[in-house]
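Chemist: Sharing a structure below in structure tokens format, with a few things to ask.
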Amino acid sequence: MGFLDKIKTFEKDTLTAEKISKLQPYITQEMFNPDKLKDINSVASSFATWVMAMDGYYRVNLIVIPKREELRVAQAKYEKISGELKIA
């Protein structure tokens, strides 16, 4: 599997805090900016965009995952109560 295929099939839900922390020294550099890289190399610009998107996805998921769990618990409670009300 080539590099591009690996990026296309990357399982973004497998990102960990450790992986993201390893990216920070690179993505916080001034030159790691898709707009600046566009003038130098379009592939580098596209890759920077992808890396920053994965970083953003991870950070959003830190908020979303606990909310999904809360929703799952609330839905289970709703189903239980709804079933009890149908019996009565």
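Each value in this text was obtained by applying a stated rule to the coordinates, not by laboratory testing. Keep in mind that this is a model prediction, so the values were computed, not measured. Cβ atoms come from the backbone with ideal geometry, glycine included; neighbour counts cover every protein chain shown.
Chemist: Residue by residue through segment 28-42, which ³J(HN,Hα) values in whole Hz follow from phi under the Karplus form 6.51 cos²θ - 1.76 cosθ + 1.60 (θ = phi - 60°), with glycine and proline marked x?
Modeler: Listing the rounded values in order: 8, 6, 4, 6, 7, 9, x, 5, 5, 6, 4, 6, 8, 7, 5 Hz.
Chemist: Quick one: net charge of Met52's neighbours, Cβ under 15 Å, K/R +1, D/E -1? Before the final figure, lay out the partial values.
Modeler: Working: positive: Lys12, Lys19, Lys22, Lys36, Lys38, Arg59; negative: Glu30, Asp35, Asp55.
Neighbour charge sum, excluding Met52 itself: +3.
Chemist: Continuing with the same structure: Output the 0 to 90 degree angle, nearest 10, between the alpha-carbon long axis of helix 17-27 and the longest principal axis computed from the alpha carbons of the chain.
Modeler: 30 degrees
Chemist: By how many nm would the segment from Gln24 to Lys67 grow when fully extended, if each residue of separation counts as 0.36 nm and the alpha-carbon distance is taken off? Intermediate results must be reported in sequence, preceding the final value.
Modeler: Working: separation 43, 0.36 × 43 = 15.48 nm, distance 2.57 nm.
Here the answer is 12.9 nm.
Chemist: When the distances between all Cα atoms of segment 16-87 are binned every 5 Å from zero, what whole-number percent does each bin get?
Modeler: Percent of Cα pairs in each bin: 3, 14, 16, 14, 11, 9, 7, 6, 6, 5, 4, 3, 1, 0.
Chemist: Additional query: Which one of Gln29, Ile40, Thr9 has its Cα pushed farthest toward the positive end of the charge dipole of the chain, where Lys and Arg give +1 and Asp and Glu give -1 at the Cβ?
Modeler: Thr9
Chemist: Counting other C-beta atoms within 10 Å, which of Thr28, Thr49 has the fewest, and how do the rest follow? Each step should come with its number before you reach the end.
Modeler: On the way: Thr28 8, Thr49 15.
Sorted ascending by nearby Cβ count, the order is Thr28, Thr49.
Chemist: About the Cα centre of segment 16-87, how large is the charge dipole given +1 on each Lys and Arg Cβ and -1 on each Asp and Glu Cβ? Please answer in debye to the nearest 20. Could the numbers behind the result be given before it?
Modeler: On the way: 11 positive and 9 negative charges, 60 e Å.
Magnitude of the dipole: close to 280 debye.
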